[in-house]
Each structure stands twice: as structure tokens, then as C-alpha cells.
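S.K.: The structure follows.
The values are calculated or read from the model by the stated rules, or taken from the named source; none is laboratory data. Since we're looking at a predicted model, the values are computed, not measured. We place every Cβ from the backbone using ideal geometry, glycine too, and count neighbours over all the protein chains shown. SASA here: full protein model, heavy atoms, side chains in, ligands and nucleic acids out. Shrake-Rupley method; radii C 1.70, N 1.55, O 1.52, S 1.80 Å.
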Amino acid sequence: LEKMYTGWQTSLEDALTEMRVSSEAERKVAVDNAKQEMELQVLEAQRKYDYLNEQYQVEHARRKTAHNKLVEMMGNIRVICRVRPINKTEIKSGLGQDCTAYPE
């Protein structure tokens, strides 16, 4: 009976060891598969990021150009003519001449 029990225990331990090894191998395969899937997802996300970043740079340049044109146009409209009264120093030096004429 002792021999039987020892043989059975040895068989059981061998089976458990084999299960551990096979489950570790399966786990390793599953981890490798998951890792590969995650790497593919990361690569796809990187491609999308690069594409969107490129589009953003193009649109940013367009918007900046349009904004600069708008600011320039507004500035040009505002600075067409500056009018101020002749100050006392200009009158005394003789340089201050009234050069405005308004239609009647």
C-alpha cells in the first residue's frame, strides 16, 4: 500500500509539475500575444498622431497667415491718416502749418 501511495503521489506531483510548466508556457504565449497586440495598437496610435500633427501644422500655418493679413489690414486702415492739433512749439518755430482743408 505504501508503494502504491508513493507511486500515486509521484505521479500526481509529476502531473502537477507538467501542468505548471504547460500553464507557464501558455501564460508566456498569451503574454507575448498581448504584447504584440499592444505594440500594434501603439504603432497605429503613433501613425494617427503623426498624421493629425501634420494636419495641425498645416492649418496652424494657414491660420497664422490669415491672422497676420487681418492684423495688417486693420493696422493699415487705422494708420491711413493721423491728425493732431498743432502744438505751441511748432507755432513758435514756424514749422507748424495747418495743412488741412475741408470741403465746404
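S.K.: Only one of (1) surrounded by 10 or more Cβ atoms within 10 Å (Cβ to Cβ); (2) part of a helix (DSSP H, G or I); (3) modelled with pLDDT under 85 is not met by residue 77, so which one is it?
M.R.: (1)
S.K.: Would you confirm whether or not the stretch 81-90 contains a residue that is of a type outside the set (A, V, I, L, M, F, W, C), modelled with pLDDT of 90 or more and either open to solvent by 100 Å² or more (accessible area, probe 1.4 Å) or not in a helix (DSSP H, G or I) (or both)?
M.R.: Our first condition is that a residue be of a type outside the set (A, V, I, L, M, F, W, C); within the stretch 81-90, this holds for 82, 84-85, 87-90.
The next check asks that each one be modelled with pLDDT of 90 or more; those that pass are none.
No, because not a single residue in the stretch 81-90 is of a type outside the set (A, V, I, L, M, F, W, C), modelled with pLDDT of 90 or more and either open to solvent by 100 Å² or more (accessible area, probe 1.4 Å) or not in a helix (DSSP H, G or I) (or both).
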